[in-house]
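The numbers here are math on the coordinates, done by the rules we state, and not lab data. Just so it is clear, the model here is predicted, and its values are computed rather than measured. For neighbour counting, all protein chains shown are included, and Cβ atoms are generated from backbone atoms with ideal geometry for every residue, glycine included.
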Amino acid sequence: MKDAYIIDAIRTPIGNFGGTLAAVRTDDLAALVINELVKRNPTLNQEVIEDVLFGCANQAGEDNRNVARMAGLLAGLPWKVGGETVNRLCASGMAAAINASRAIKIGDGDLYISGGVENMSRGPYVISKSAKPFGTDAKMYDSSFGWRFINPKMEQLYGTDGMGQTAENLVDMYKISREDQDKFAYWSQMKATKAQQSGRLAEEIVVVEIPQRKKDPIIFTQDEFIKPTTSLEILGKLAPAFRKEGGSVTAGNASGLNDGAAAMLIASEEAAKQYNLQPMARIVSSAIAGVEPRIMGIGPVYATEKALKRAGLTLDQMDVIEINEAFAAQSLACTREMGLADDDPRINPNGGAIALGHPLGMTGSRILQTAAIELHKQNKKYALVTLCIGVGQGYATILERV
């Protein structure tokens, strides 16, 4: 069986909800990073790219009808190169990368572009059709985030807690204090601020140029969700966002609604040699685990156990740990269940989604990229990359520096 390697990866800066990237179509965002990835690898023969696999969690607006295919064509790839959109909610970008690696391992192609995209600012309002002609039971939803068109049986069987409420459920289970959540959020912000100011984050980013009708284009160069001037005092004053009475999950210790895209080139060893491509990291193993939907945030614990077992490795051997910070409470529940200290320096050394933001379809691709680069920056060997997933799943991947 062949090995699959991450060759190169790039992402846009992450935009605020209603921020700089709100003016950019989702398919154009995805096309931009694909185009940049190809330009950065001029020895690559585009004709032999097997497929473009992109994660996207919404798919209710401009990202509908297979945004991966649209983006590949918009990026100027040959029309013979395929395109498939993957939806595993928060882990969609990671799922796309692992689907590509699986295909390479079994011999279904040697070169893939994978990635993820989400423009949550542009998520449309959607309305159901009435069950009866001229009926009045149609409902409208904002598709940017959360449940819509809920099956009553799902609600009866598992409940339909919102993401913030699932974090509060973990607070109850693991007795996680508000102070510890705010500390974790503050660390994320400070690490991300340092990474941005030092130029570390710029190593991941392609500049986005946004045309204006009668003015010079906007040049978007860095993540805009980071809050470098925040403090524990500021975080401590924020009101609970999801459970008004006795809640502790706030806008400050949760990830945001954001916009962005990421792409990576994944290849077999044979293709890397043939096209003079230098691998960054080998995809060692991956795993998915299901958990109870009402505590979806604990999913990374069980996915990590499976991925480590498949790799023949232990958590102690992981030099970099990228765990997506959907919520501080969720991240702390996972790290404590894994036996890690809250401030383990291996965890999200450049900050996580609480500081950077969480464009749902993009994030899984972004944290794989971040981990691969960080292994080289630290000259270390192994990275664990993992996310929780709405409706009760976890995804984990082990990388090895090449």
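Listed residues ALA372, ALA355; which is in a helix (DSSP H, G or I), more than 9 Å from the chain's Cα centre (by Cα) and more than 18 Å from ALA9 (Cβ to Cβ)?
Values: ALA372 fails: more than 18 Å from ALA9 (Cβ to Cβ).
Checking each option against the conditions leaves just ALA355.
When the range 198-221 is filtered for residues that are within 22 Å of the chain's Cα centre (by Cα) and not small (Gly, Ala, Ser), the ones remaining, listed by number, are ARG200, LEU201, GLU203, GLU204, ILE205, VAL206, VAL207, VAL208, PHE220, THR221.
Of the residues that sit in the range 115-158 and are in a strand (DSSP E or B) and of a type in the set (Ser, Thr, Tyr), which one is surrounded by the most Cβ atoms within 10 Å (Cβ to Cβ)?
Taking the range 115-158 first, the residues in a strand (DSSP E or B) are 115-119, 125-127, 140-142.
Next, only the ones that are of a type in the set (Ser, Thr, Tyr) stay: 125, 141.
On the way: TYR125: 11, TYR141: 17.
Selected residue: TYR141.
The selection criterion, being out of contact with any strand residue (DSSP E or B) (no Cβ under 6 Å at 6 or more places or on another chain), hydroxyl-bearing (Ser, Thr, Tyr) and in contact (Cβ under 8 Å) with a residue 60 or more places away in the chain, does not hold for THR314.
Please specify each residue of the range 162-173 satisfying the condition of being buried (at least 18 other Cβ atoms within 10 Å of the Cβ) and in contact with a helix residue (DSSP H, G or I) (Cβ under 9 Å, 6 or more places away or on another chain). Can you show your working first?
Initially, the range 162-173 is screened for residues buried (at least 18 other Cβ atoms within 10 Å of the Cβ), giving 163-164, 166-171.
MET163, THR166, ALA167, GLU168, ASN169, LEU170, VAL171, listed by residue number.
Can you tell me which residue in the range 13-55 is farthest from ARG65 (Cα to Cα), limited to those that are in contact with an Asp or Glu (Cβ under 8 Å, 6 or more places away or on another chain) and in a loop (DSSP other than H, G, I, E, B)? The selected residue is ASN41.
Scanning the range 194-241 for residues that are within 21 Å of ALA329 (Cα to Cα) and either hydroxyl-bearing (Ser, Thr, Tyr) or in contact with a Pro (Cβ under 6 Å, 6 or more places away or on another chain) (or both) yields THR230, SER231.
Counting only residues that are over 28 Å from GLU62 (Cβ atoms) and crowded, with 24+ Cβ neighbours inside 10 Å, the range 244-278 holds 4 of them. Exactly one residue out of MET190, MET120 is among the hydrophobic types (A, V, I, L, M, F, W, C) and closer than 30 Å to ALA31 by Cβ: that is MET120.
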